[in-house]
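**Student:** This structure is in structure tokens; I'll ask about it shortly.
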Amino acid sequence: MEWKGRRESDNVEDRRGGGAVKTGGISILGLVVAFVAWKFFGADPQQAYQVTKQLTTQQQPASSQAIQNPTAEQQEAKQFVSTVLADTEDTWKIIFKQQGLQYTPAKLVLYRQSTPTACGTGQSAMGPFYCPSDRSIYLDTDFFVEMRQQLGISGEKNSTQLSRQDQAGDFAMAYVIAHEVGHHVQNLLGISEKVYAQRQQMSQKQSNQLSVKQELQADCFAGIWAKYNNQRTHFLQQGDVEEAIDAAEKIGDDYLQKRSQGQIVPDSFTHGTSQQRIKWFQQGLHAQDLSACDTFQHT
């Protein structure tokens, strides 16, 4: 994946030097593989909505202190994330304009261990996640190292760096960010709010099924972003799409359940099977417009 030399977003807030909020959270390095993998694409956005409804408007101020004397790897981590976020901004701005709409960018917060958000305390154990209340994506960049080391996603498994142009696995990381931006797009289009309202009237099984549809749509939106961004920047290289498909396979509910507990329980799925996640990402890659990502009617 070619990513260096392009615009970097101004909507990245670096809290990695501000210390962690003391909440008793578990370090990501202490988690079992299955739990980390299950959270690969972040917390359920509808759970975030539920938490938001229960919070008061008074929120603890967030630290905005950046890392002092960052290493080359830490600097590159921010550069990579900022470039991918800028790519999503530029691409979704064009797509929204084609629909007669205006795109409002999401903010992306880099943090370590834990941080306050408008959806409660974000922790590394949650993986990357989107908070609809403050329209922000939260990301502990150590997650990407964990992704390689424990989940076996394509790339150098022993790397301690986020990304390098000559290193495989960077597009799988971009896919993670694009998926979370997909939840932001759902929020802007009013989809998330409608889904949340419907889930409150459903059984747990039905609610899970609706959650799957929403997650698959975010996968499809990630595919749309990849397609249109490649048309703009020609950033995709040989093997990049295969990286994303490999990642999609390894975070399917069926794959993770079989790996962690030896059996598959379809009624408990919340993100979709490996086959579904691959299908809808590829659907986005070949989509002509957003209607191709209507997972609510065609899943």
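**Student:** When you check Gly239 against the structure, is it more than 20 Å from the chain's Cα centre (by Cα), surrounded by fewer than 20 Cβ atoms within 10 Å (Cβ to Cβ), over 19 Å from Val195 (Cβ atoms) and in contact (Cβ under 8 Å) with a residue 60 or more places away in the chain, yes or no? Full working, then the answer.
**Tutor:** Values: more than 20 Å from the chain's Cα centre (by Cα): yes; surrounded by fewer than 20 Cβ atoms within 10 Å (Cβ to Cβ): yes; over 19 Å from Val195 (Cβ atoms): yes; in contact (Cβ under 8 Å) with a residue 60 or more places away in the chain: yes.
So Gly239 fits the description; yes.
**Student:** May I pose another question? If you take the residues of region 85-110 that are among the polar types (S, T, N, Q) and at pLDDT 95 or above, which of them is surrounded by the most Cβ atoms within 10 Å (Cβ to Cβ)?
**Tutor:** Filtering region 85-110 for residues among the polar types (S, T, N, Q) gives 88, 91, 98-99, 102, 104.
Imposing the further condition that a residue be at pLDDT 95 or above reduces the set to 88, 91, 102, 104.
Details: Thr88: 28, Thr91: 23, Gln102: 9, Thr104: 13.
Checked region 85-110; the qualifying residue surrounded by the most Cβ atoms within 10 Å (Cβ to Cβ) is Thr88.
**Student:** In region 259-285, what residues are basic (Lys, Arg) and either at pLDDT 85 or above or in contact with a Pro (Cβ under 9 Å, 6 or more places away or on another chain) (or both)?
**Tutor:** Result: Arg277, Lys279.
**Student:** Next up: Among the residues of region 111-128, write down those that are touching a strand residue (DSSP E or B) at 6+ places or on another chain (Cβ under 6 Å) and either surrounded by 21 or more Cβ atoms within 10 Å (Cβ to Cβ) or not small (Gly, Ala, Ser) (or both). Break it down stepwise before answering.
**Tutor:** Applying the first criterion (touching a strand residue (DSSP E or B) at 6+ places or on another chain (Cβ under 6 Å)) to region 111-128 yields 114-115, 117-119, 121-123, 128.
Hits for region 111-128 are Ser114, Thr115, Thr117, Cys119, Thr121, Gly122, Gln123, Pro128.
**Student:** Gln200 - would you say it is modelled with pLDDT of 95 or more and either surrounded by fewer than 16 Cβ atoms within 10 Å (Cβ to Cβ) or of a type in the set (Asp, Glu) (or both)? Please lay out each step first, then the result.
**Tutor:** Working: modelled with pLDDT of 95 or more: no; either surrounded by fewer than 16 Cβ atoms within 10 Å (Cβ to Cβ) or of a type in the set (Asp, Glu) (or both): yes.
Here the answer is no, as Gln200 does not meet what is asked.
**Student:** Oh, and also: Restricting attention to region 264-299, and to residues there that are among the charged types (D, E, K, R) and not in a helix (DSSP H, G or I), which single residue is nearest to Phe235 (Cα to Cα)? I'd like the intermediate steps shown before the answer.
**Tutor:** So in region 264-299, the residues among the charged types (D, E, K, R) come out as 267, 277, 279, 289, 294.
With the extra rule that they be not in a helix (DSSP H, G or I), the set shrinks to 289, 294.
On the way: Asp289: 20, Asp294: 26 Å.
Selected residue: Asp289.
**Student:** Also: If only one of Ala244, Ala222, Ala248, Ala172 is touching a Lys or Arg at 6+ places or on another chain (Cβ under 8 Å) and either crowded, with 16+ Cβ neighbours inside 10 Å or touching a residue at least 12 places away in the same chain (Cβ under 8 Å) (or both), which one is it? Outline the logic, then answer.
**Tutor:** Working: Ala244 fails: touching a Lys or Arg at 6+ places or on another chain (Cβ under 8 Å); Ala222 fails: touching a Lys or Arg at 6+ places or on another chain (Cβ under 8 Å); Ala172 fails: touching a Lys or Arg at 6+ places or on another chain (Cβ under 8 Å).
Within the list Ala244, Ala222, Ala248, Ala172, the selection yields Ala248.
**Student:** Just the residues that are surrounded by 13 or more Cβ atoms within 10 Å (Cβ to Cβ) and over 16 Å from the mean Cα position of the chain (by Cα), please, taken from region 267-283.
**Tutor:** First, the residues of region 267-283 that are surrounded by 13 or more Cβ atoms within 10 Å (Cβ to Cβ): 269-283.
Phe269, Thr273, Ser274, Gln275, Gln276, Lys279, Gln282, Gln283, listed by residue number.
**Student:** Can you tell me which residues in region 175-188 are crowded, with 24+ Cβ neighbours inside 10 Å and within 14 Å of Gln102 (Cα to Cα)?
**Tutor:** Of everything in region 175-188, those that are crowded, with 24+ Cβ neighbours inside 10 Å and within 14 Å of Gln102 (Cα to Cα) turn out to be His184, Val185.
**Student:** Given the residues Ala178, Ala172, which is the only one that is among the hydrophobic types (A, V, I, L, M, F, W, C), in a helix (DSSP H, G or I) and either farther than 23 Å from Thr273 by Cβ or modelled with pLDDT of 95 or more (or both)? Break it down into steps so the answer makes sense when it comes.
**Tutor:** Working: Ala172 fails: either farther than 23 Å from Thr273 by Cβ or modelled with pLDDT of 95 or more (or both).
Result: Ala178 is the single residue among Ala178, Ala172 that is among the hydrophobic types (A, V, I, L, M, F, W, C), in a helix (DSSP H, G or I) and either farther than 23 Å from Thr273 by Cβ or modelled with pLDDT of 95 or more (or both).
**Student:** Looking only at region 240-258, decide whether some residue is of a type outside the set (Ser, Thr, Tyr), part of a loop (DSSP other than H, G, I, E, B), at pLDDT below 90 and at positive phi.
**Tutor:** First, pick out the residues of region 240-258 that are of a type outside the set (Ser, Thr, Tyr): 240-254, 256-258.
Now restrict to residues that are part of a loop (DSSP other than H, G, I, E, B): 251-252.
Of the ones still in play, those that are also at pLDDT below 90 are 251-252.
If we keep only those that are at positive phi as well, we get none.
No, because not a single residue in region 240-258 is of a type outside the set (Ser, Thr, Tyr), part of a loop (DSSP other than H, G, I, E, B), at pLDDT below 90 and at positive phi.
**Student:** Given the residues Ser124, Ser154, Ser163, which is the only one that is among the polar types (S, T, N, Q), farther than 18 Å from Ala244 by Cα and at pLDDT below 90? Can you show your working first?
**Tutor:** Numbers: Ser154 fails: farther than 18 Å from Ala244 by Cα; Ser163 fails: farther than 18 Å from Ala244 by Cα.
Unique residue meeting the criteria: Ser124.
**Student:** Please enumerate the residues belonging to region 193-216 that are in contact with a Gly (Cβ under 8 Å, 6 or more places away or on another chain) and not charged (D, E, K, R). Explain how you work it out, then say what you get.
**Tutor:** Filtering region 193-216 for residues in contact with a Gly (Cβ under 8 Å, 6 or more places away or on another chain) gives 212, 215-216.
Passing the criteria: Val212, Leu216.
The values are calculated or read from the model by the stated rules, or taken from the named source; none is laboratory data. Everything numeric here is computed off the predicted structure, so don't read it as measured data. All Cβ positions, glycine included, derive from the backbone under ideal geometry; neighbour counts span all protein chains shown.
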